[in-house]
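Participant: My questions all concern the structure below.
Just so you know, all these numbers are worked out from the coordinates, no wet-lab data involved. All values reported here derive from a predicted model rather than from experimental measurement. Note: ideal-geometry Cβ built from the backbone for every residue, glycine included; neighbour counts use all protein chains shown.
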């Protein structure tokens, strides 16, 4: 073959390769009981794609629905890394799924960036290819309990959690932090997610007369728990919800039972982190929503970090790992850096916040320097 023609073909091939979009895998709960939160995350990824395109970064998202089930999530991960040959994976949502998938990220040496899942163990297994942007259940518990101590003088607490990875980890973290600050846990109860009736458990909690009730639940269970808490007349100084379902718009809209409930969160439209307020405005305008859940912001930021890092190294997995190790970002989630500390590996240290539902909306109430409204304390039914 003529050398000039061969050179032209090679140049054309390289040009096509340069123009080819990066493949990034996404594992999300598009369907199933966790789908409402999956929608928030999907919306965050969509906004990230818009901004990546503006930066000239072409990304092809290969999206897999895990339905919120670890086994399905693992199958999705296998497909993404072996058949689709993605550069890296963002997701999944739930702690159970993220913890299961993390083992495969390590096995196949594919960078996994966990945007929301908070179970401590996810980044406490010395796994070199697993990164987490979100805070941990340890952070969820400490911000809520320390706030309650500043607002009142609680001496006792009950813990109510679903028997999932997220729920168990959240309860463990709350119990440990309560012990550190001298609050006695007078009752601890795990329940099966999706149960139709929690009244007997809630009646037991009422009889224990705790000052605080710390809850770890997804959306549907969180709503039912609060409905039945009102039915049995449970009225502590504060209901403390560890994010997830309590941070959802669906929960906030149930004003008869959600009003004055606190929820730890990782992001609100009140923060002054770079681009945060603009992100909130865009989200509301594009998706027709009144609120912007932290899940959307976490998803957006995670995709930006993963895609920008992958673009710099041409999608090479090992080089992508090095880029994530060495990188620093400052955007809508504030400063992001993956570091090792207190037994964690590749864990971002994130500033937690507390929202309280007031008149059907989540309002930022803690810490004081981030607060848009004053917290209502002690709790009272609307």
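Participant: Would you mind telling me which residue in 187, 333, 157 has the biggest mean-square fluctuation in a Gaussian network model of the chain, where springs connect alpha carbons within a distance under 10 angstrom?
Facilitator: Evaluated over the chain, the most mobile residue of the options is 187.
Participant: Along the Cα-to-C-beta direction of residue 149, a point sits 7 Å from the Cα; which residues of the stretch 252-287 have their amide N less than 20 Å from that point?
Facilitator: 262-265
Participant: Pull out the extension gain between residue 374 and residue 227, defined as 0.36 nm times the separation in residues minus the alpha carbon to alpha carbon distance; nm, one decimal.
Facilitator: Working: separation 147, 0.36 × 147 = 52.92 nm, distance 2.48 nm.
Length gained between residue 374 and residue 227: 50.4 nm.
Participant: Return the single residue from 142, 200, 173 with maximal mean-square fluctuation; model: Gaussian network over the chain, springs between Cα atoms under 10 Å.
Facilitator: In this elastic network of the chain, the residue with the biggest mean-square fluctuation among 142, 200, 173 is 200.
Participant: I would also like to ask the following. What is the stretch 198-325's relative contact order, in percent, from Cα pairs under 8 angstrom and six or more apart in sequence?
Facilitator: This gives 18 percent for the stretch 198-325.
Participant: Once the Cβ-Cβ distance between residue 382 and residue 339 is put in as r, and R0 is 30 Å, what FRET efficiency do you end up with, to the nearest 0.05?
Facilitator: On the way: r = 43 Å, r/R0 = 1.42.
Once the sixth-power term is evaluated, E becomes 0.10.
Participant: Sticking with this one: Tell me the label-point distance for the pair residue 200, residue 330, using the 7 Å Cα-to-Cβ offset, in nm and rounded to one decimal.
Facilitator: Label-label distance for residue 200 and residue 330, simple model: 5.6 nm.
Participant: For the chain, what is the relative contact order in percent, using Cα pairs closer than 8 Å and at least 6 residues apart in sequence? Mind showing how you got there, number by number?
Facilitator: Working: 814 pairs, mean separation 69.2, N = 382.
Relative contact order, the chain: 18 percent.
Participant: Right, here's the next one. Have a look at the stretch 88-143 and give its Rg and Dmax from the Cα atoms, expressed in angstrom.
Facilitator: Expressed in Å, the Cα Rg and Dmax of the stretch 88-143 come to 10.5, 36.
Participant: Hey, another quick one. On C-alpha positions alone, give me the angle between the axis of helix 137-151 and the longest principal axis of the chain, in degrees, nearest 10.
Facilitator: 40 degrees
Participant: With r defined as the distance between the Cβ atoms of residue 78 and residue 192 and R0 fixed at 41 Å, what FRET efficiency is calculated, to the nearest 0.05?
Facilitator: Efficiency, rounded to the nearest 0.05: 0.90.
Participant: Gap in Å between the Cα centre of the stretch 291-354 and the Cα centre of the stretch 160-237?
Facilitator: So the separation of the two Cα centres works out to 32 Å.
Participant: Taking the chain as the reference, fit the longest principal axis to its C-alpha atoms, fit the long axis of helix 95-108 to the helix C-alpha atoms, and give the angle between the two in degrees, 0 to 90, nearest 10.
Facilitator: 30 degrees
Participant: Considering every pair of different Cα atoms, what Kirkwood radius, in Å, is found for the stretch 165-224?
Facilitator: Numbers: mean 1/r = 0.0797 Å⁻¹.
Its Kirkwood hydrodynamic radius stands at 12.5 Å.
Participant: How big is D for the stretch 106-169, in µm² s⁻¹ as a whole number, if Stokes-Einstein is applied with the Kirkwood radius of its Cα pairs at 10 °C and 1.306 mPa s? The partial results should precede the final answer.
Facilitator: Values: Rh = 13.8 Å.
Using the Kirkwood radius from Cα pairs, D works out to 115 µm²/s.
Participant: With the chain treated as a Gaussian network of Cα nodes joined by springs under 10 Å, which of 68, 245, 233 yields the largest mean-square fluctuation?
Facilitator: Maximum fluctuation in the GNM of the chain, among the listed residues, is at 233.
Participant: Viscosity 1.002 mPa s, temperature 20 °C: give me the Stokes-Einstein translational D for the stretch 245-380 in µm²/s, with Rh taken as the Kirkwood radius over C-alpha pairs.
Facilitator: On the way: Rh = 16.4 Å.
It diffuses with D of about 130 µm²/s by this estimate.
Participant: Which angle from 0 to 90°, rounded to the nearest 10, does the C-alpha axis of helix 199-208 make with the longest principal axis of the chain?
Facilitator: 60 degrees
Participant: Sticking with this structure for a sec: Rounded to the nearest 0.05, what FRET efficiency do residue 256 and residue 235 have when you use their Cβ-Cβ distance and R0 = 25 Å?
Facilitator: Numbers: r = 14 Å, r/R0 = 0.58.
Efficiency for this residue pair is about 0.95.
Participant: Starting from a Cα-only point model with no solvent, please compute log10 I(q)/I(0) by Debye for the chain at q = 0.09, 0.14 1/Å.
Facilitator: Once normalised to I(0) and log-transformed, intensities are -0.50, -1.15.
Participant: Sticking with this structure for a sec: Of all DSSP beta bridges located in the chain, what percent are antiparallel, nearest 5?
Facilitator: Working: 15 of 49 bridges.
Counting DSSP beta bridges with both partners in the chain, the antiparallel share is about 30 percent.
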